[in-house]
Amino acid sequence: MIQSLLVANRGEIARRIIRTAKRLGIRAIAVHSEADAGMPFVGEADEAVCVGPANPAQSYRNTEAILAAAKSTGAQAIHPGYGFLSENADFARTVEENGLIWVGPSADAITAMGDKINARNLMAAAGVPVAPGTQDPAATVEAALEAAATIGFPVMVKAAAGGGGMGMAVANDEAGLRTEYEKVRGFAERMFGDGSVLIERYFPRVRHVEVQILGLADGRVVALSERECSVQRRNQKLVEEAPSPAVGPELRARFLAAAVKAGEAVGYRNAGTVECLLDPATGEFFFLEMNTRLQVEHPITELIHGLDLVEEQLRIAAGLAPTFDPDALTSTGHAIELRINAEDPKRFLPGPGKVTTWVEPSGDGVRVDSGYAADTTVTPFYDSLMAKLIVHGTDRADAIAKARAAVAGFEIVGPKNNLPFFAELLENDEFLGGDYDTGIVSRMR
């Protein structure tokens, strides 16, 4: 097993990785910005190194500073968490070139799946269903219009290099496409350094379902189970649950088989997620993208399977067998995750500030993965995620009941937070019935 691990991230995910590392007897090393010096993850690490000022480009995305920290502390491996450098193929390659273990997929796999157009084409060749769309970037607005004429309006205009719900827009007609094409291309050039644009069929009513995969050290790809991620604002997830209330045994078998094909197509190793769109009217699903990292919502998969996915990642990176039998994987109950963000519960606009009160709920089947505590400050420099509230029940109804009680028992004073939204959602008839889609939040607002 790995003996020392540098965690190239911050907040709740750094804390969560450190927790597993210490349980396994691995020396945990944190890197942090000047703004994060007093954060819980820094104090909980065995060693911590400041890698720069608050600006992520100068700290958490500062590859030279992070590699220097790894060398100065004698780290054997680097875990990137999610976000920041986690899907940066150049960084992954550089880590390994410096003789360190990269806790993630190969740089080649990250590159192959990082471009949405290339990923679509790879998946289609592997027999994974993909939505109607362009096989090459739409280089001009005229090319985009021609593609839309073939696909049919409405269409989704997407940045090929985008991710996390960024760089996406819907066009309902030619005029809308002209406008959105230029907006998305400009945004993609600024944010990702790549203005390539993909035109794809847009589904007015769709569910977002994903499958957790593990590429094992022996070369096998295992699909664990699916997660429902349709409660979203601005194409970004707020709530996830596993299993999906929309997926029965036959559809689940098709989802898992497609996810395994997707992983095998790129020789995938370590943890990853195959994201799909599900048309609830027809039962058809289409490949959306592959996240070549650990997902924010991994805890719900952990709870229904009784696994620690960070431990599995570390074992794979070390060339070890998993802790479970891939041929006899079981799941029990139902799990739900709520993303507790520093944002107002109506318009979901950021609301940073100093945390004066932080009281986490507890009890049977309740788990909180938090990045903050009382007397810490949510700054405007990073993502608004403060904590993840995760519950596990015997069935969906039990999980919802536990989520209601946990939301009521979670007290945060200082920054704005979206706990009131979750209290509303957990009483919403559409959500309670399980027959919801990605438009549920907009209908609530």
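Just so you know, all these numbers are worked out from the coordinates, no wet-lab data involved. Predicted model, so just to flag it, every value in this text is computed and none were measured. A quick note on method: Cβ atoms are made from the backbone with ideal geometry, for glycine too, and the neighbour counts reach across all protein chains shown.
With a cut-off of 8 Å between alpha carbons and a minimum separation of six or more residues, what is the relative contact order of segment 132-201 in percent? For segment 132-201, the relative contact order is 44 percent.
Taking the structure as given and computing Rg and Dmax of the Cα atoms in Å, which label from (1) 24.0, 80; (2) 21.0, 59; (3) 22.2, 70 fits? After the calculation, the listed value that fits is (2).
Taking the charge dipole of the chain about its Cα centre, with +1 at Lys and Arg Cβ atoms and -1 at Asp and Glu Cβ atoms, the residue from His305, Val211, Tyr382 reaching farthest to the positive side is Tyr382. Here is the result for segment 294-339: no GluC sites (Glu not before Pro) lie in DSSP coil with at most 13 other C-beta atoms within 10 angstrom of their C-beta.
Within a straight-line Cα-Cα reach of under 12 Å, Lys71 cannot be paired with any aspartates and glutamates, leaving aside sequence neighbours fewer than 8 residues apart in one chain. Going through the cross-link list Lys346/Lys416; Lys261/Lys388; Lys158/Lys237; Lys116/Lys183; Lys237/Lys388, which pairs have a Cα-Cα distance over 22 Å in this structure? In this structure, Lys261/Lys388 exceed 22 Å between Cα atoms. Across Ile117, Ile213, Ile26, mean-square fluctuation computed from a Gaussian network of the chain (C-alpha pairs under 10 Å connected) peaks at Ile26.
Membrane-span-like helices in the chain (whole DSSP H runs, Cα extent of at least 27 Å along the helix axis, mean Kyte-Doolittle hydropathy of at least 1.6): none found.
Helix content alone sets the calculated 222 nm mean residue ellipticity of the chain: runs of n ≥ 4 DSSP H residues at -39500 (n - 2.57) each, divided across all residues, give -10000 deg cm²/dmol.
Restricting the trypsin sites (Lys or Arg not before Pro) of segment 347-420 to loop positions (DSSP other than H, G, I, E, B) with no more than 15 neighbouring Cβ atoms within 10 Å leaves Arg347. Separation of segment 80-103 from segment 149-167 is 28 Å, based on Cα centroids. Across the chain, the mean sequence separation of Cα contacts (distance under 8 Å, 6 or more residues apart), normalised by length, yields a relative contact order of 14 percent. For the peptides 259-271, 95-107, residues were scored by their other Cβ atoms within 10 Å and the scores averaged per peptide; the highest-first order is 259-271, 95-107.
Farthest toward the positive end of the dipole of segment 207-444, out of Thr282, Gly371, Ala253, is the Cα of Gly371, where the dipole comes from beta carbon charges about the Cα centre. Trypsin sites (Lys or Arg not before Pro) within segment 212-245: which are DSSP loop residues with at most 15 other Cβ atoms inside 10 Å? Of the trypsin sites (Lys or Arg not before Pro), the ones in loops of segment 212-245 whose Cβ has at most 15 other Cβ atoms within 10 Å are Arg220, Arg234.
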